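So the structure is just underneath, and the comments pick up after that.
The values are calculated or read from the model by the stated rules, or taken from the named source; none is laboratory data. The structure displayed is predicted, hence computed values, not measured ones. Here Cβ is always computed from backbone atoms with ideal geometry, including for glycine, and neighbour counts include all displayed protein chains. Only protein heavy atoms, including side chains, enter the accessible area calculation; ligands, DNA and RNA are left aside. Shrake-Rupley method; radii C 1.70, N 1.55, O 1.52, S 1.80 Å.
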Amino acid sequence: MYQKDKIAAFIPARGGSKGVKRKNIRNLAGKPLIYYTIAAALESKYIDRVIVSTEDEEIAEISKRFGAEVPALRPRELAEDKTTTLDVVLYGVHAFLASKEWDSLILLQPTQPLRTAEDIDHAVEYYYKNGKRSLVSVSEVEDHPIFMRRFDPVGNMEKYLEISSTVRRQDMDKVYRVNGAIYMNRIAELCAETSFNDNEIGYIMEKSHSVDIDELPDFALAEYYLTSVGNV
């Protein structure tokens, strides 16, 4: 709870995965990947309820073992490749958070294991400081888009941004990317037109907290931070 507002964390975790099989419960530094997101949510001083949404019985059992709620398995048709995160969130809000007592939802994807409880709490504080405007977490990019190029239909290279790249790196504007770790919205405002990646305000996270698990090498990088650097 923040002041008088009740906040629910929502963690979508389906059983299927194209890149890495059973990714959400694959071992990372001795624990299932989803553990780290559940643990960070439970350690937050503002989150009142931690809900995992899954169609998979094993993921549900593991999530409950680590302290999350799994009120019910979601329908299989909401766990297909074409299913969007928004589809899952809207279903979960209708099924489990319809009561008016719930004010805000914080969406935490399980593929960001290095996001900490402190990241969550600072994001919540920033969200309320900015008048409960929708929030998305970002991190500074390493490769500036000023150097990006693309090919036109006949194979000629062209700039992706119409900006001169003849500029000192230290003079370039800082650029940030959506890192997928934290999204926060008013529950009453969630609708079919919601785009989480286009939320209004950006909460800046450390790049070392922003590893997104998509392929097997990402597990190695996350494990390095967890075991060698002590990121979490």
Scanning region 157-189 for residues that are open to solvent by 90 Å² or more (accessible area, probe 1.4 Å), farther than 30 Å from THR37 by Cα and not hydrophobic (A, V, I, L, M, F, W, C), the one farthest from the chain's Cα centre (by Cα) turns out to be THR166
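With over 19 Å from the mean Cα position of the chain (by Cα) and open to solvent by 40 Å² or more (accessible area, probe 1.4 Å) as the only criterion, which of GLU142, GLU200, GLU206 stands out?
GLU142
Rundown of residues vs (1) part of a strand (DSSP E or B); (2) closer than 29 Å to VAL211 by Cβ; (3) in contact with a Phe, Trp or Tyr (Cβ under 9 Å, 6 or more places away or on another chain), yes/no style:
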{"site": "ILE146", "(1), (2), (3)": "no, yes, yes"}
{"site": "ARG150", "(1), (2), (3)": "yes, yes, yes"}
{"site": "GLU158", "(1), (2), (3)": "yes, no, yes"}
{"site": "GLU162", "(1), (2), (3)": "no, no, no"}
{"site": "GLN170", "(1), (2), (3)": "no, yes, no"}
{"site": "ASP173", "(1), (2), (3)": "no, yes, no"}
{"site": "VAL178", "(1), (2), (3)": "yes, yes, yes"}
{"site": "MET184", "(1), (2), (3)": "yes, yes, yes"}
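Can you tell me which residue among ILE11, ILE34 is within 18 Å of the chain's Cα centre (by Cα) and not in a helix (DSSP H, G or I)?
After applying the criteria, what remains is ILE11.
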List the number of the failed condition for ARG14; all other conditions in (1) of a type in the set (Lys, Arg); (2) crowded, with 20+ Cβ neighbours inside 10 Å; (3) modelled with pLDDT of 95 or more hold.
(3)
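Being assigned to a loop (DSSP other than H, G, I, E, B), touching a Leu at 6+ places or on another chain (Cβ under 9 Å) and closer than 19 Å to THR37 by Cβ is the requirement here; does ARG115 meet it? Break it down stepwise before answering.
Numbers: assigned to a loop (DSSP other than H, G, I, E, B): yes; touching a Leu at 6+ places or on another chain (Cβ under 9 Å): yes; closer than 19 Å to THR37 by Cβ: yes.
Yes; evaluated as a whole, the condition is true for this residue.
Among the residues of region 117-171 satisfying the criterion of being among the hydrophobic types (A, V, I, L, M, F, W, C), under 17 Å from LYS207 (Cα atoms) and in contact with a strand residue (DSSP E or B) (Cβ under 7 Å, 6 or more places away or on another chain), which is modelled with the lowest pLDDT?
Initial filter on region 117-171 (among the hydrophobic types (A, V, I, L, M, F, W, C)): 117, 120, 123-124, 135-136, 138, 141, 146-148, 151, 154, 157, 161, 163, 167.
Restricting the remaining residues to those that are under 17 Å from LYS207 (Cα atoms) gives 117, 120, 123, 136, 138, 141.
Filter again for in contact with a strand residue (DSSP E or B) (Cβ under 7 Å, 6 or more places away or on another chain), leaving 120, 123, 136, 138, 141.
Values: ILE120: 98, ALA123: 98, VAL136: 98, VAL138: 98, VAL141: 88.
Once the filter is applied, the top-ranked residue is VAL141.
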Count of residues meeting criterion [within 24 Å of ALA123 (Cβ to Cβ) and either open to solvent by 10 Å² or more (accessible area, probe 1.4 Å) or not in a helix (DSSP H, G or I) (or both)] in region 37-62:
14
Failed condition for GLN109, given (1) open to solvent by less than 30 Å² (accessible area, probe 1.4 Å); (2) under 21 Å from ASP212 (Cα atoms):
(1)
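Filter region 68-87 down to residues that are assigned to a helix (DSSP H, G or I) and under 21 Å from MET184 (Cβ atoms) and give me whichever is least open to solvent (accessible area, probe 1.4 Å). Outline the logic, then answer.
Residues of region 68-87 assigned to a helix (DSSP H, G or I): 76-78, 85-87.
Going one step further and asking which of them are under 21 Å from MET184 (Cβ atoms), we end up with 85-87.
Working: THR85: 50, LEU86: 25, ASP87: 67 Å².
For region 68-87, the residue satisfying everything is LEU86.
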How many residues does region 1-37 contain that are farther than 30 Å from LYS132 by Cβ and aliphatic (A, V, I, L, M)?
5
Report every pair of residues separated by at least 6 positions or lying on different chains whose Cβ atoms are under 8 Å apart, first residue within region 12-26 and touching a residue at least 40 places away in the same chain (Cβ under 8 Å) and over 18 Å from ALA68 (Cβ atoms), second basic (Lys, Arg) and assigned to a loop (DSSP other than H, G, I, E, B).
VAL20/ARG26
